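The block underneath contains the structure these notes are about, expressed in structure tokens.
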Amino acid sequence: MEFGPIPVAAARGAILAHSLDLTSGRLRKGRVLTCEDQALLRADGVATVIAARLSPGDLHEDAAATRIAAAVAGQGLRVTQAATGRVNLHATGPGIVRVDRSAVDALNAVDPMITLATVPEWHRADPDGMVGTVKIIAYGVDGTAVDRAAAAGAGALCLLPPVFRTVTLIETTTTDTDPNPKGRAAMQGRLDRLGIGLDGRVIVPHRADAISDALHAAEGEVLMILTASATSDIHDVAPSAVGLAGGRVDRFGMPVDPGNLLLIGAMGSKPVIGLPGCARSPALNGADWVLERVLCGVPVGAAEIAAMGVGGLLKEIPTRPQPRTLPRG
């Protein structure tokens, strides 16, 4: 691609690089100049313009972005119409975004003028939420580079929709009164975002046998436990209840804060998640990372949770009973 000053007399078909305010109106950057535009420029005494001219084999920025976005977008994503060398990728429904980091990196290494930016891997997407954007920085780019970039980034992004339909939340109490409904409301909100239903309220005494019985009786495809008293050991009430019910505990404890006291396991084919106390808040915490992946069919076990430490220091939540930073003295 050629770029630089071009005499107005030779500018027909060139791409205007910078917007110009003329007596007759404004010529915006990115405009392909016409004979009429040349006349307007001459009438204002403009002799040269900064413009780009595509070379043989080059693709216009919009055509290049469209081709690359079509290659990158996997299932569950739609692409927008190109404008100013940009095409956005949007989710067609709720779910989480799987990102092939190596493919994105390979695409971005082809040519500095070809770029793809995405949300973080496993980002929860709402319907029509933007999850990626392809931007061609120059007004045109070599077609062979576009082909290489499209091949490198093929299928780099896709949306994984929920694979479960119902969840049972088992709450425990240490008194004769029901737990504060805010915890259930917060979990209901998380499930609503993914279009998943929550079974009727289940409240049992804070004992392993009572939780075990509730796990056996639960009809939901995913089972969650929210205890009145925080789980503090692998042999505490909630983990013991999972074992007593014939299930397994894959891991207790995660390197995400808030969210350290999470339990993950299973009862047969049903995932079991022991929620940390911070799940009572709608603020982002480690339970969100695990719950969203489980509900969308992404395997989450001990190894996956152990790998969550980088980036796992999340924002402080107002309801946290003890702040991370204690007063001096």
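Under the rule a/c < 1.5 gives rounded, and otherwise a/b versus b/c splits prolate from oblate, where does the stretch 166-306 land using the Cα gyration tensor? Rounded. Only lysines eight or more places from LYS182 in sequence, or on another chain, were considered; those with a Cα closer than 23 Å are LYS315. As a calculated quantity, the FRET efficiency between ALA109 and ARG12 at R0 = 25 Å, using C-beta atoms, amounts to about 0.10. Database remark: amide H of ARG31 closer than 5 angstrom to the amide H of LEU16 (H placed geometrically; neighbours at sequence offset of 5 or more, or on other chains; Pro and chain starts carry no H).
Taking the beta-carbon count within 10 Å as an exposure proxy, list LYS29, LYS135, LYS315 from fewest neighbours to most. Intermediate results must be reported in sequence, preceding the final value.
Values: LYS29 15, LYS135 18, LYS315 8.
With the fewest neighbours first, LYS29, LYS135, LYS315 line up as LYS315, LYS29, LYS135.
Sort MET130, MET308, MET224 so that the residue with the fewest other Cβ atoms within 10 Å of its own Cβ comes first and the one with the most comes last.
MET130, MET308, MET224
First check a/c for the stretch 64-103, with a ≥ b ≥ c the square roots of the eigenvalues of its C-alpha gyration tensor; if it is under 1.5, answer rounded, and if not, answer prolate when a/b is larger than b/c or oblate otherwise. Before the final figure, lay out each step's value.
On the way: a/c = 2.48, a/b = 1.39, b/c = 1.78.
Verdict is oblate for the stretch 64-103.
Label zone of LEU284 (point 7 Å out along Cα→Cβ, amide N under 12 Å): in the stretch 87-126 this covers 119-125.
Legend: ranking of residues GLU61, GLU292 from fewest to most surrounding C-beta atoms inside 10 Å; resulting order GLU292, GLU61.
Using a Cα-Cα cut-off of under 22 Å, which lysines could be cross-linked to LYS29, ignoring same-chain neighbours fewer than 8 residues away? Of all the lysines, those that pass the test against LYS29 - Cα under 22 Å, at least 8 places apart if same chain - are LYS135. Using the rule -39500 (n - 2.57) for each DSSP H run of four or more residues, divided by the residues of the chain, the 222 nm mean residue ellipticity is -7500 deg cm²/dmol.
In this simple spin-label approximation, ASP21 and ALA217 carry label points 7 Å from Cα along the Cα→Cβ vector, and these lie 7.5 nm apart.
Maximal additional length on extending the GLU2-ALA43 stretch stands at 12.2 nm, based on 0.36 nm per residue less the C-alpha distance. Averaging over all projection directions, the Cα-based convex hull of the chain occupies 23.5 nm² in the image plane. Averaged over residues, the count of other Cβ atoms within 10 Å places the peptides 46-59, 248-261 in the sequence 248-261, 46-59, highest first.
For the chain, the longest principal axis of the C-alpha atoms and the axis of helix 286-295 are separated by about 80°. Computed from Cα atoms, the angle from the helix 208-217 axis to the main principal axis of the chain rounds to 60 degrees.
Computed from the coordinates by the stated procedures, all read-outs in this text should not be read as laboratory data. Since the model is a prediction, treat every value here as computed from it, not as a measurement. Cβ: placed from backbone, ideal geometry, glycine included. Neighbour counts: every protein chain shown.
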